[in-house]
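The values are calculated or read from the model by the stated rules, or taken from the named source; none is laboratory data. The structure displayed is predicted, hence computed values, not measured ones. Just the protein is used for accessible areas: all its heavy atoms, side chains included, with ligands, DNA and RNA removed. Shrake-Rupley method; radii C 1.70, N 1.55, O 1.52, S 1.80 Å.
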Amino acid sequence: MRLSVLGSTGSIGRQTLELARCFDDMSIGALAAFGNIDLIEEQIHEFDPEICCIYNEEKAKELKERLGHSCKTRIVSGMEGLIECAVCEAVDTVLISVVGMIGIRPTIEAIKAGKNIAQANKEPIVCAGHIIMPLAEKMGVRLIPVDSEHSAIYQCLRGEKGNRAEKLWLTASGGPFRGRKREELKGITPADALKHPSWNMGAKITIDSSTLVNKGLEVIEAHYLFGVPADDIIVAVQPGSVVHSMVQFEDGAIKAQLGSPDMKVPIAYALHNERRMAYEGRKTLGFAELADIRFEAPDMDTFKGLRLGIEACRREGTLTTVYNAANEECVAAFLSGRIGYLDIADGIEAAMKAHRVTDDPDLDKIFEAEREARSFIRGLYNLDEDRGSRC
Ligand code: MG
C-alpha cells in the first residue's frame, strides 16, 4: 500500500508513520502538514515521498530552501497543495488526520480520484457526511473511520450484513472534569483542560473531550457513517476507555469492541483493510482493566456541549457545521486566554440559536454557514482577529 498522510506531524500522523516503520507493505507517497517544517523535514528524509504540502506558504518556501535542489520531493502549499497530496497518482490510500474543516475538500477530491480513505478527521463527516458517504459508495472506495469509537462500531458491524444496527452505544471517557458541576468549571484554565485521563491527543481535541463537544461531534459522525438516527445513538460514559463502543442488534444482542486505549489499533485496522496485524508496543487488557468496567450516563446539564451536538444531529442540514465551526472558534479563543471555559458551550448554543438552517446544503452553503458561525462568535465575544474560513 502506498499512502498519503495528510496531517503527518500531528498525533495520528506520527503514529501512522511509526506503523509504516513496522510494516514492510506500507510506503509513503505523500505527506502534508500545516507548518511544522522541522518535523516534516525529518519525515521527508526518512520516507522519501514524491510530494509534500506545507499548508502555510511562507513555511513551504522556507522548507524548499532548506531542502535544496537535490531533494526529489516536490513541495507544494495551500489548499491546492493539500488536494494534490490527496489525489496524487502514486498513492492508493489517503489517511486524513488534519484538524478541522480544512479536511473537507481533500476528502471529497480523494474519493473522486478513487482513493481508499482512512478517515481520522471527523469534521468532513460532521459537516458534509450527507455528501461524502453517498459519494464514497458511488465511487466504490472504502472509507474506514479511524476515530476509536467509530472504528469499534465498524468492527462490530463486520459479519452482520443484512442485520440492522438498532442502537449504537458510543462510549466516552467523560473527560478530566467528570463528576463536576457547572459552578465548579468556571475557573478552568487551558492547562487544566489539556490533561486527558486516558487518551494522548492534540490540543484542540483534548479540549473538546473535556467539554464533551468531542462526543457531540462523534454522535453526528456516527449518524452519517452508519445511517443511524440521532435518537438511536446512546452516549455511555465508561471511565478508563477500554470499551471503545458497542452495537445493539434487533434481537437485543450487543457486540462490543474492547482494547487498551491506543490509536494504533484503529489506524492499522483502517490502513490494512480490516486485517489485524501485530505491531511493536502492542498492549493487551488484563483482569484489572476488565474488572474495572462500569458505565454511567453523561451529565448533559453540566456538559451541555454534548446535548447541543445531539440537537444538531437531529436537525442536520447546516446546523452541524454551525455547531462545529462555533466550537472551533471558541476553542481557539479559549486556548489563547480570550474567553472562559464555560463560554465555549454558551457560544455554540447562541450561534445555533441565531442560525437559519439550510437543508441538504452543498459545499458553498456549508462554508457560508461556517463563516457565519465564526463571525457570530467573534461578534459575541468581541474577538478582533478575523480568522476567516478555514477551508
Ligand atoms: Mg473518538
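Over the chain, what relative contact order in percent results from Cα pairs under 8 Å that are six or more residues apart?
Taking the mean separation of contacting Cα pairs over the length of the chain, I get 15 percent.
Taking every DSSP beta bridge with both residues inside the chain, roughly what % is antiparallel (nearest 5)?
Once the DSSP bridges in the chain are tallied, antiparallel ones form about 25 percent.
Skipping prolines and chain starts, which residues have an amide H placed within reach, meaning under 5 Å, of the one on Val235, given they are 5 or more residues away or on another chain?
Distant-sequence amide H within range of Val235: Leu170.
Cα extents of region 277-391 along the three principal axes, largest first, in whole Å?
Between the extreme Cα coordinates on each principal axis of region 277-391 lie 52, 34, 33 Å.
Starting from a Cα-only point model with no solvent, please compute log10 I(q)/I(0) by Debye for region 79-123 at q = 0.29, 0.34 1/Å.
-1.09, -1.40
Percent of accessible area on the chain owned by carbon and sulfur, 1.4 Å probe?
The nonpolar share, carbon plus sulfur, comes to 47 percent.
Rounded to whole Å and sorted largest first, what semi-axes of the equivalent ellipsoid does the C-alpha gyration tensor of the chain yield via the square root of 5 times each eigenvalue?
Semi-axes, largest first: 30, 26, 21 Å.
Restricting attention to the alpha-carbon atoms of region 231-304, what are Rg (one decimal) and Dmax (integer), both in Å?
Rg, Dmax (Cα atoms, Å): 14.8, 42.
Kindly report the accessible area of the chain per residue (heavy atoms of protein chains, probe 1.4 Å, no ligands, DNA or RNA), in Å².
Averaged over the residues of the chain, the accessible area is 43 Å².
Out of residues 5 or more away from Leu143 or on other chains, whose amide H comes under 5 Å of its own, with H placed 1.01 Å from N in the peptide plane?
When sequence neighbours closer than 5 places are left aside, the close amide H contacts are Ile117.
Using the alpha carbon gyration tensor of region 24-143, what are the three equivalent-ellipsoid semi-axes (square root of 5 times each eigenvalue), largest first, in whole Å?
So the three semi-axes of region 24-143 are 26, 15, 11 Å.
Given the -39500 (n - 2.57) contribution per DSSP H run of 4+ residues, what per-residue ellipticity at 222 nm results for the chain, rounded to the nearest 500 deg cm²/dmol?
-14000 deg cm²/dmol
Output wanted: per-residue J couplings in Hz (rounded whole) for region 202-207, from phi through Karplus 6.51 cos²θ - 1.76 cosθ + 1.60, θ = phi - 60°, x for Gly and Pro.
x, 4, 4, 6, 5, 5
Report, in listed order, any pair from Lys186/Lys353; Lys72/Lys138; Lys181/Lys255; Lys115/Lys283; Lys195/Lys264; Lys161/Lys304 with a Cα-Cα distance greater than 27 Å.
Pairs exceeding 27 Å: Lys72/Lys138; Lys181/Lys255; Lys115/Lys283; Lys161/Lys304.
In a solvent-free Debye calculation with one equal scatterer on each Cα, what is log10 I(q)/I(0) for region 86-229 at q = 0.11, 0.13, 0.15 Å⁻¹, listed in the order of the q values?
Computed log10 I(q)/I(0) values: -0.47, -0.63, -0.81.
Using θ = phi - 60° and the Karplus curve 6.51 cos²θ - 1.76 cosθ + 1.60, what whole-Hz ³J(HN,Hα) does each residue of region 117-123 get, with Gly and Pro shown as x?
Calculated HN-Hα couplings, in order: 10, 9, 9, 9, 9, 6, 4 Hz.
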